[in-house]
Structure formats: structure tokens, C-alpha cells
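The values are calculated or read from the model by the stated rules, or taken from the named source; none is laboratory data. Being a predicted model, the structure only gives us computed values, none of them experimental. Positions of Cβ are generated from backbone atoms using ideal geometry, with glycine treated the same way; all protein chains shown enter the neighbour counts. These accessible areas exclude ligands, DNA and RNA; they are computed on the full protein's heavy atoms, side chains included. Shrake-Rupley method; radii C 1.70, N 1.55, O 1.52, S 1.80 Å.
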Amino acid sequence: MAETDLVKLYSKKILELTTQNPHAERLVAPDATASKRSPLCGSAVTVDVAVAPEDGRLADLGMDVKACALGQASAAILARAGVGKSAEDLGAARDALKAMLKEGAAAPSGDFAELEVLTPARDYKNRHASILLAWEAVVEALQTAKAERAAAI
């Protein structure tokens, strides 16, 4: 990777996002937890979720992100806009992010429009898994919490 490619990929905005995760600590008593790891690059994410009892939406979030700047930036965007969303909302955003990276689709819109900053990573397939880890983990954790809640009824 040429130095100019690195500058394009690791923009100032992406580097700033790595320090802007408002949920960068694990929850003490989560409703569910999910961990994901990318064997290709070694990035790993553990996500704790607390779920709103009335509607199953994400009420609180805790993360332990050990990833490259791209994975950290993606997790920060999720953390900043994810609380209050349903598993379906977050799954749709994850799918839009995946399509942006892998299929050249437009960046997600609405609350997750900031993911556009990751568009330059399209050309670096080895970075896609790290970018998607937090999204995969939060959707899995919310689905687990929903299943456990349904089983308890």
C-alpha cells in the first residue's frame, strides 16, 4: 500500500473517530453479550447490550474494541447513533454498510450517514471484516437478548 493510499484510507476524520466512542467500556450487567473476531487481521470486538423492556430496542451499549482505526471508527459511529435502535434497524444499517464496502452501493443514510467516511476502504477487502465486527456483534447480542426474553415468558 502506497503512502498516499494510507493517507486516503486513514483520514483525519477516521483517526478522530477512534477516540469518540461514548460506549467504550463494558456494561456491568448486560442483557446479552456477543464477541466477534476477524481471523484475517486479528481485530476483535465484544459488545454488551441492555435492552429496553417495553420494546426490545437498544437501551445501553458497552464495547471493548481491539481493532485497527477503521474498525474503531466504525464502532464509534455505531455507538454514537445506535442507542434507541432496534435489532432490525441496526441490521439494516449493517447490511447497507456491507453493500457500500463490497458492492459499491451508496453509504447508509439517516442516523448512520457518517459511515460515508469509510467509503475509501472499499478498495481494501482485508479491512472489511474489521469495519463490520461491531455491527455483527451488536445485532447478534440484541437477537440473543430477544430470544432469552421470549424464552423467559
Cβ-based net charge around ALA59, under 12 Å, with every Lys or Arg adding one and every Asp or Glu removing one
-3
Integer Hz, Karplus 6.51/-1.76/1.60 couplings in order for segment 83-98, x for Gly and Pro:
4, x, 8, 8, 4, 5, 4, 5, x, 5, 5, 4, 5, 5, 5, 4
At 4 °C and 1.567 mPa s, grab the translational diffusion coefficient of segment 88-127 from Stokes-Einstein with a Kirkwood Rh over Cα pairs, rounded to a whole number in µm² per second.
129
Suppose a student asked you for the relative contact order of the chain, using Cα pairs under 8 Å spaced at least 6 residues apart; what percent would you report?
28
Segments 30-42, 103-115, 58-70, 81-93 sorted - mean Cβ within 10 Å per residue, highest first
58-70, 81-93, 30-42, 103-115
Can you send over the carbon and sulfur percentage of the accessible area for the chain, probe radius 1.4 Å, protein chains only?
51
Suppose R0 equals 22 Å; then what is the FRET efficiency for GLU16 and ARG122 from their Cβ-Cβ distance, rounded to the nearest 0.05?
0.60
Helix 125-152 axis, angle to the chain major axis (alpha carbon atoms, nearest 10°):
0
For segment 48-56, Karplus couplings with θ = phi - 60° (6.51, -1.76, 1.60), whole Hz, Gly/Pro x
9, 10, 10, 10, 5, x, 6, 9, x
Fully extended, how many nm does the chain gain between SER109 and GLU54 (0.36 nm per residue separation, minus their Cα-Cα distance)?
17.1 nm
May I ask which residue of VAL28, LEU15, ALA113 lies farthest towards the positive end of the charge dipole of segment 1-137, with charges of +1 (Lys, Arg) and -1 (Asp, Glu) on Cβ and the Cα centre as origin?
LEU15
Rolling a 1.4 angstrom probe over the protein heavy atoms, how many square angstrom per residue are accessible across segment 1-119?
49
When all C-alpha to C-alpha distances in the chain are sorted into bins of 5 Å, what percent of pairs does each bin hold, rounded to whole numbers?
2, 10, 20, 23, 20, 12, 7, 3, 1, 1, 0, 0
Where in segment 24-54 does the amide nitrogen come within less than 17 Å of the point 7 Å from the Cα of GLU148, taken along Cα to Cβ?
26-36, 46-54
Treating only the Cβ atoms of Lys and Arg (+1) and Asp and Glu (-1) as charged, compute the dipole magnitude of the chain about its Cα centre; round to the nearest 20 debye.
420
What are the semi-axes of the equivalent ellipsoid for segment 29-98, taken as the square roots of 5 times the Cα gyration tensor eigenvalues, largest first, in whole Å?
21, 14, 10
